[in-house]
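Colleague: Input: one structure, supplied below.
The values are calculated or read from the model by the stated rules, or taken from the named source; none is laboratory data. In this text the structure is predicted, and so the values were computed from the model without any measurement. Cβ atoms come from the backbone with ideal geometry, glycine included; neighbour counts cover every protein chain shown. Heads up: the accessible areas ignore ligands, DNA and RNA and are worked out on the full protein's heavy atoms, side chains in. Shrake-Rupley method; radii C 1.70, N 1.55, O 1.52, S 1.80 Å.
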Amino acid sequence: MNNILVTGGTGFIGSHTCVELLEAGYNVIVMDNLSNSKEESINRIKTITGRDLKFYKADMLNISEMEQIFEENQIDAVIHFAGLKAVGESVAKPVEYYNNNITGTLNLIDVMRRHSCSTFVFSSSATVYGVTNKAPYTEDMPTSATNPYGYTKVMIEQILRDVCVADPSWSVVALRYFNPIGAHHSGLIGENPNGIPNNLIPYIAQVALGKLEKLSVYGNDYPTPDGTGVRDYIHVADLAKGHVYALRYAFEHKNFEPVNLGTGKGSSVLEIVNAYEKACSKEIKRAFAPRRAGDIAVSFADASKAKKLFGWQAQSTVEQMCEDSWNFTIKNPEGL
Ligand code: NAD
Ligand code: UFG
């Protein structure tokens, strides 16, 4: 079976994808610098799957570390998750974000070229739809960004598109994730952010645990049914399975293909709070607060391309996503 290098494979989405790859029979080699994750993820992936995988603590900014991985392993394809992802931090540290995400990806492409590896699945984001397109988003819409993190995704997609034009042996699928939440149903791996969470579900989880007092609901005057922001939340296990489908597609087709991974359905902040309250059987204290800078009212996918190209479709309900998030949270209150 093929050997897949997973960059960022100890992180939230990467670790779930390693599980799906191993269960589908692929051999997995993980590379991560552990800047936002723990090596313990590797043990948990082994426990869930009963299979072994290789781990390299290595940095995308260090070309010789990546060269070593390609020299020691025959890599058939790369799934590239590694990157910095906090929108607010990217505004404060643009150079660090551009350097880590863009230079890191250029280094990776360079090493892949030297080793004749040209099959690539990239973690892009719905953030590339910017603020002027209207949901449901389709992959042919123009892309743009409002912060350095978003620009790294727009720019890396462009770089990969150009690589595919220059060298027709390349095959790239850029997966545009909507809002991944939830955790593996075992409760062994899940989302584990450092410090006070910025994202909705990790914040709610901390309120449910009693570590944070109340959720600030950013804006109740959006043009949505209950006035709060609407997003397309997708179970991380569904998202992870989408990578296995994308990989199969990339092995069989050459070219650059952007593909949404979402459910196609939006939920409001208050709907998520209600679903989480049911999942954890606790009250989630909340208070309305002003809109958060840079937020849009509504974001959800047109999910038809992934179904048409890969035969993949998300399965889980928002209720299941919240139950799995809570299961991971109570089993790992201090993280991994
Ligand atoms: P994560 O932070 O849990 O995982 C990213 C991993 O990359 C971490 O383990 C980190 O240690 C590693 N990393 C960062 N810089 C590195 C470097 N220079 N060298 C080696 N490893 C490095 O994040 P995640 O939520 O799993 O996101 C994975 C990818 O998906 C990211 O590219 C992110 O931008 C993208 N994405 C995430 C979301 C989301 O809501 N979680 C949404 C859209 C896109
Ligand atoms: N929200 C709150 N209170 C909070 C946190 C969030 O009300 O404490 C609201 C937001 O205003 C938004 C919704 O919950 O309406 C979701 O917010 P998140 O921060 O969880 O997610 P975003 O949609 O803002 O962004 C996420 C990732 C980005 C990615 C984007 C699209 O953080 O990196 O999805 O994939 F680009």
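Colleague: When the expected Rg is taken as 2.2 N^0.38 Å, what fraction or multiple of it is the alpha-carbon Rg of the chain?
Modeller: Taking N as the residue count of the chain, the ratio is 0.95.
Colleague: Any chance you could check the Cα centroid distance between segment 160-214 and segment 227-297 for me, in angstrom?
Modeller: About 9 Å separates the Cα centre of segment 160-214 from the one of segment 227-297.
Colleague: Placing unit charges on C-beta atoms (Lys and Arg positive, Asp and Glu negative, everything else neutral), compute the dipole magnitude of segment 253-309 about its Cα centre in debye, rounded to 20.
Modeller: Dipole magnitude for segment 253-309 comes out near 100 debye.
Colleague: What shape does segment 170-252 have by the C-alpha gyration tensor, where a ≥ b ≥ c are the square roots of the eigenvalues, rounded means a/c under 1.5, and otherwise prolate means a/b greater than b/c and oblate the rest?
Modeller: The shape class here is oblate.
Colleague: Also, quick follow-up: Along the Cα→Cβ direction, 7 angstrom out, place labels at K211 and E319. What is the inter-label distance in nm?
Modeller: Label-label distance for K211 and E319, simple model: 2.8 nm.
Colleague: Continuing with the same structure: Going by a ≥ b ≥ c, the root eigenvalues of the Cα gyration tensor, does segment 236-280 fall in the rounded group (a/c under 1.5), the prolate group (a/b larger than b/c) or the oblate group?
Modeller: It is prolate, given that a/c is not under 1.5 and a/b is the larger ratio.
Colleague: Okay, next question. Run the reach check for K211 against aspartates and glutamates, Cα to Cα strictly under 15 Å, same-chain hits fewer than 8 apart removed. What comes back?
Modeller: Cα-Cα hits under 15 Å: E283, E334.
Colleague: Taking the alpha carbon gyration tensor of segment 192-304, what are the square roots of 5 times its eigenvalues, largest first, to the nearest whole Å?
Modeller: The three semi-axes for segment 192-304 are 31, 18, 13 Å.
Colleague: Another one. If you roll a 1.4 angstrom probe over the protein chains with everything in place, what fraction of the accessible area of the chain belongs to carbon and sulfur, to the nearest %?
Modeller: Whole-percent figure for carbon plus sulfur exposure: 49.
Colleague: May I pose another question? Given K214/K278; K134/K305; K134/K214; K153/K214, which pairs have Cα atoms separated by over 20 Å?
Modeller: Flagged as over cut-off: K134/K214; K153/K214.
Colleague: Using every alpha carbon pair in segment 1-52, what percent of pairs falls into each 10 Å bin from 0 up to the bin containing the largest distance?
Modeller: Per 10 Å bin, starting at zero, the Cα-Cα P(r) for segment 1-52 comes out as 28, 61, 10, 0 percent.
Colleague: Still on this structure: Apply the a/c threshold of 1.5 to the C-alpha gyration tensor of segment 35-97 and tell me whether it is rounded, prolate or oblate.
Modeller: Judged from the Cα gyration tensor, segment 35-97 comes out oblate (a/c at least 1.5, b/c at or above a/b).
Colleague: Using a probe radius of 1.4 Å on heavy atoms only, what accessible surface per residue do you get for the chain? Whole Å² is fine.
Modeller: 43
Colleague: Using a cut-off of 17 Å between alpha-carbon atoms, which lysines can reach K54, once sequence neighbours fewer than 8 places away in the same chain are excluded?
Modeller: Once the sequence-local lysines are set aside, what remains near K54 is K38, K46.
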